[in-house]
Amino acid sequence: MLELVQEAEARNITDRGSDQDLEQWTHSDAPSVSTSPDGVPDHAFGPRKRGGKAPMRDFAGPRPVAGRGAADFEVSPQLALLSTSNDRPEDWLRAGQAMERVLLLATLEGLSSSFATQALEWTDLRWPLRDPVSGRGFTQMVLRLGYGPKGPSTPRRPVPEVLDIQP
């Protein structure tokens with residue numbers, strides 16, 4: 001799995017579409033009138049990962065971020081794959097519900113979590129992530145879990161912008 005994530009990272013570095021997507025959903029400076037407030041601001045990128053084999057997505061990509069250092073993360077991170085039997089919209093919904101429960105429990109237990117979805121974003125790399133025993137299933141999410149440093153918060157939209165509540 002680590003090799004698949006590393007391959008996906010290498011592709012992302014050289015793929016223009018991946019670069020554009022990263023630029024669209026991350027901000028390396030304050031959002032302007034012409035940019036969306038959605039996405040990850042540079043203050044939430046956190047430090048670059050120093051050492052270790054477990055994957056970690058770097059939202060800065062190749063862009064320099066002033067004052068950003070590197071840090072050691074958890075000594076023994078765990079990678080968890082969330083898979084479904086099929087790959088239909090209802091399976092995606094159930095996977096999302098399961099992921100919500102895993103993330104809430106991880107937070108309750110004091111764990112840090114992050115997504116390592118790089119290999120899932122390339123069709124030919126997603127296929128080998130299926131169950132190694134049965135050769136079946138569809139991996140929907142790869143999570144990195146461990147006792148790492150606390151990260152900064154990211155902005156959230158006000159509830160009325162994302163939810164209509166009817167009496």
### Message
Return the residues of the stretch 9-22 that are surrounded by 13 or more Cβ atoms within 10 Å (Cβ to Cβ) and more than 14 Å from R144 (Cβ to Cβ); say none if nothing qualifies.
### Response
R11, N12, D15, S18, D19, D21, L22
## Note on the structure
If we ask which residues in the stretch 83-107 are open to solvent by less than 60 Å² (accessible area, probe 1.4 Å) and not β-branched (V, I, T), their number turns out to be 8
### Query
Listed residues L145, L81; which is in contact (Cβ under 8 Å) with a residue 60 or more places away in the chain, over 29 Å from H27 (Cβ atoms) and touching a strand residue (DSSP E or B) at 6+ places or on another chain (Cβ under 6 Å)?
L81
### Task
Taking the options A71, A80, name whichever one is of a type in the set (G, A, S) and either within 17 Å of L4 (Cα to Cα) or exposed (fewer than 12 other Cβ atoms within 10 Å of the Cβ) (or both).
A80
### Task
Select, from P155, P128, P132, the only residue that is open to solvent by 70 Å² or more (accessible area, probe 1.4 Å) and over 23 Å from K49 (Cα atoms).
P132
### Task
Output the residue which, of all residues in the stretch 99-139 that are β-branched (V, I, T) and touching a residue at least 12 places away in the same chain (Cβ under 8 Å), is nearest to Q6 (Cα to Cα).
T117
### Query
Within the bounds of the stretch 47-65, is there any residue that is surrounded by fewer than 16 Cβ atoms within 10 Å (Cβ to Cβ), more than 20 Å from W127 (Cβ to Cβ), without any contact (Cβ under 8 Å) to a residue 24 or more places away in the chain and of a type in the set (K, R)?
yes
#### Entry: Among (1) under 22 Å from T139 (Cβ atoms); (2) of a type in the set (G, A, S); (3) loosely packed, with under 14 Cβ neighbours inside 10 Å - the single one G110 does not satisfy
(1)
### Task
Output the number of residues of the stretch 58-82 satisfying the condition of being among the small types (G, A, S) and touching a Leu at 6+ places or on another chain (Cβ under 8 Å).
2
### Query
Tell me, which strands (runs of 3 or more DSSP E) lie completely within the stretch 49-158 with 2 or more residues that are modelled with pLDDT under 90 and under 25 Å from D19 (Cβ atoms)?
112-115
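The values are calculated or read from the model by the stated rules, or taken from the named source; none is laboratory data. Every value quoted in this text rests on a predicted model; they were computed, and no experiment measured them. Neighbour counts are summed over all protein chains in view; Cβ atoms, including those assigned to glycine, are modelled from backbone coordinates with ideal geometry. The protein model used for the area step is the full one, side chains on, heavy atoms only, and it has no ligands, DNA or RNA in it. Shrake-Rupley method; radii C 1.70, N 1.55, O 1.52, S 1.80 Å.
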